[in-house]
Amino acid sequence: MRMLLADQGQSWKEEVVTKDTWLQGTLKASCLYGQLPKFQDGDLALYQSNAILRHLGRSLGLYGKDLREAALADMVNDGVEDLRRLCGHLIHHSYEESKAQYIEELPGRLKPFETLLGQNQGGQAFIVGDQISFADYNLLDLLLNHQVLAPGCLDSLPLLSAYVARLSARPKLKAFLDSPEHVNRPVFGTRKT
């Protein structure tokens, strides 16, 4: 979400919640699903990361140019979230035992994104269509995180590797990615790789 907002020139106010504050329970009890993030857009309060991401996509014209592209963006985003869940399980439950196998299987898990990218203007554009979409930001976030977990994980995936470089070089996005706000944020929550 932060990358999307930064690249689109949107300003936002972020309230960081400490573990102590969260454990007090009052904030958690006030959250619709008992979890964060919460996104406030005027009188609209949204919970659930992907609902927020899709809302931003629709609000900022980042949801494809037609229903076909919107459906493809949803499919890509759901694929990203499937892999993010697997990565989250690795990081928080079986890191030491499973990291080597996860990294070994990672190119195969990333291949569908390489394939989709190749089907769109030979991999020289975005994941869907000829304009950036909310799914591009979520995919880029996942790929950047995986490059921390497994440097070189994109070496066998030239289109994805070029895609990460191309998107990361967008001026506003590059400024955000280079900012202390982003650089100093833990990649996997409190887990250090």
Residues of the stretch 1-54 being open to solvent by 70 Å² or more (accessible area, probe 1.4 Å), of a type in the set (D, E, K, R) and closer than 20 Å to Asp74 by Cα, which ones? Arg2
I'm told Ser98 meets every condition in (1) in contact with a helix residue (DSSP H, G or I) (Cβ under 9 Å, 6 or more places away or on another chain); (2) farther than 30 Å from Asn184 by Cβ; (3) polar (S, T, N, Q) except one. Can you identify the failing condition by its number? (2)
Could you grab the pairs with beta carbons closer than 8 Å, sequence gap of 6+ or different chains, first residue in the stretch 70-90 and in a helix (DSSP H, G or I), second one charged (D, E, K, R)? Asp74/Arg54; Asn77/Arg54; Leu83/Arg109; Leu86/Arg109; Leu90/Lys99
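Being among the basic types (Lys, Arg), closer than 30 Å to Gly152 by Cα and either open to solvent by 30 Å² or more (accessible area, probe 1.4 Å) or free of Cβ contacts under 8 Å to residues at least 60 places away in the same chain (or both) is the requirement here; does Arg58 meet it?
No; evaluated as a whole, the condition is false for this residue.
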Filter the stretch 105-162 for residues that are hydroxyl-bearing (Ser, Thr, Tyr) and over 25 Å from Ala6 (Cα atoms); which is surrounded by the fewest Cβ atoms within 10 Å (Cβ to Cβ)? Thr115
Restricting to the stretch 5-62, name every residue that is among the acidic types (Asp, Glu) and part of a loop (DSSP other than H, G, I, E, B). Glu14, Glu15, Asp43
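The values are calculated or read from the model by the stated rules, or taken from the named source; none is laboratory data. This is a predicted model, so every value here is computed, not measured. Don't worry about glycine lacking a Cβ; one is built from the backbone with ideal geometry, like all the others, and counts go over all protein chains shown. Surface areas here come from the heavy atoms of the whole protein model, side chains and all, with no ligands, DNA or RNA. Shrake-Rupley method; radii C 1.70, N 1.55, O 1.52, S 1.80 Å.
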